[in-house]
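The values are calculated or read from the model by the stated rules, or taken from the named source; none is laboratory data. Just so it is clear, the structure is predicted and the values come from calculations on it, not from any experiment. Please note: Cβ atoms are built from the backbone with ideal geometry, for glycine as well, and neighbour counts cover all protein chains shown.
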């Protein structure tokens with residue numbers, strides 16, 4: 001059998017999509033060693049220019065090994081045909097084609113199969129190669145049209161996976177020993193809007209299933225936290241960490257970005273969740289067109305007040321075809337980077353303060369062994385490094401004593 005290596009860039013949704021591709025391979029062997037691969041499938045990301053650059057650089061280097069390079073994922077939609085026309089890749093296929101990967105990889109002719117942006121996966125994932133937790137894609141696409149974002153153009157409009165298929169997948173994965181489930185998608189807070197349901201109702205059913213120990217959620221929009229979602233916040237199986245996408249903390253900038261959230265309401269929501277003991281993460285973009293010094297100063301002053309513990313932030317990246325790409329008042333890159341460093345340093349300190357002030361027993365799933373430590377994440381999605389003489393890989397452990405350092409918590413077990 002020819003050997004296939006998968007290189008996955010980007011978000012948790014791409015991790016799920018890679019597993020769908022692996023599960024649909026029948027006539028090939030999956031290898032974890034790219035140097036022995038006959039075919040390399042690049043599951044790409046295109047959310048920023050940096051993501052595109054990373055994918056392009058990897059494609060250039062992978063093609064030198066003599067393997068056929070095939071590009072899938074979001075970058076296949078935005079940049080795939082350009083790479084194909086320059087003979088950088090052997091083949092290109094879109095999201096809807098990944099379940100046909102076996103036939104595509106058998107092709108002797110170069111190909112471009114973009115498919116459509118309306119489909120949903122039909123495959124059921126039973127196992128995750130090399131993973132201790134399971135990723136469940138509950139929906140695809142996004143109906144928001146934020147001015148800077150290319151993702152709706154490469155993932156399509158929001159559409160929800162059938163509840164029965166989601167629950168069947170979790171049941172099978174739980175039987176295979178998985179206890180932590182990460183719900184992912186393009187915009188998971190929109191789940192159920194097209195099926196007379198909601199994210200809160202779905203998660204309530206998942207939490208009641210046998211074998212489910214912890215449920216973690218991908219990014220949610222502030223306006224998507226409704227009453228059905230609030231009903232699950234105190235459930236023991238809910239991870240005490242939520243990632244709620246703010247993108248900015250100046251109301252003027254939110255309007256420029258065509259965002260739907262409101263700074264005052266966002267702060268009230270974060271304060272409410274913090275009082276319930278949640279660690280809170282967010283997304284933030286610095287240097288978007290129009291982010292004047294006055295707007296930035298207002299945003300930073302507001303940002304300081306938010307009870308944040310985690311941050312996924314980046315400088316603005318111009319995406320062709322989006323409204324922001326046509327805006328004047330572009331911000332210099334060095335200014336955007338300085339602003340990024342400022343909020344990263346602030347949240348790093350806030351995370352340390354949270355861990356130091358929340359000295360509760362930690363429920364940790366050990367995910368890997370690295371540099372003499374077992375490494376896992378606790379219920380607040382904070383990294384924990386454990387020294388022990390036992391083999392605890394893939395085990396759940398409870399830590400009642402540990403040392404809090406800036407970069408992580410440390411413990412003996």
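So the values come out like this:
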read-out	value
Subset of segment 145-169 [in contact with a helix residue (DSSP H, G or I) (Cβ under 9 Å, 6 or more places away or on another chain) and over 16 Å from residue 192 (Cβ atoms)]	145, 146, 147, 148, 149, 150, 151, 153, 154, 155, 156
Residue within segment 80-101 that is in contact with a strand residue (DSSP E or B) (Cβ under 9 Å, 6 or more places away or on another chain) and on the phi > 0 side of the Ramachandran plot present	no
Single match in 328, 324 (criterion: within 30 Å of residue 53 (Cα to Cα) and without any contact (Cβ under 8 Å) to a residue 40 or more places away in the chain)	328
Given (1) closer than 24 Å to residue 143 by Cα; (2) without any contact (Cβ under 8 Å) to a residue 60 or more places away in the chain; (3) under 22 Å from the mean Cα position of the chain (by Cα), index of the condition residue 265 fails	(3)
Test: residue 149 is part of a loop (DSSP other than H, G, I, E, B) and within 30 Å of residue 214 (Cα to Cα)	no
Per-region count, segment 297-312, residues in contact with a helix residue (DSSP H, G or I) (Cβ under 9 Å, 6 or more places away or on another chain) and either within 20 Å of residue 353 (Cα to Cα) or surrounded by fewer than 14 Cβ atoms within 10 Å (Cβ to Cβ) (or both)	11
Test: residue in segment 181-189 that is in a loop (DSSP other than H, G, I, E, B), in contact with a helix residue (DSSP H, G or I) (Cβ under 7 Å, 6 or more places away or on another chain) and within 26 Å of residue 124 (Cβ to Cβ)	yes
Breaking point among (1) loosely packed, with under 15 Cβ neighbours inside 10 Å; (2) touching a helix residue (DSSP H, G or I) at 6+ places or on another chain (Cβ under 7 Å); (3) under 22 Å from residue 292 (Cβ atoms), for residue 321	(3)
So residue 196, is it over 29 Å from residue 261 (Cβ atoms), over 20 Å from the mean Cα position of the chain (by Cα) and at pLDDT below 95	no
Residues (more than 17 Å from the chain's Cα centre (by Cα) and farther than 30 Å from residue 394 by Cα) located in segment 130-143	143
All helices (runs of 4 or more DSSP H) inside segment 1-118 with 1 or more residues being surrounded by fewer than 16 Cβ atoms within 10 Å (Cβ to Cβ), in contact (Cβ under 8 Å) with a residue 12 or more places away in the chain and not assigned by TED's automatic domain parsing to the domain that holds residue 156	49-62, 74-85, 101-105
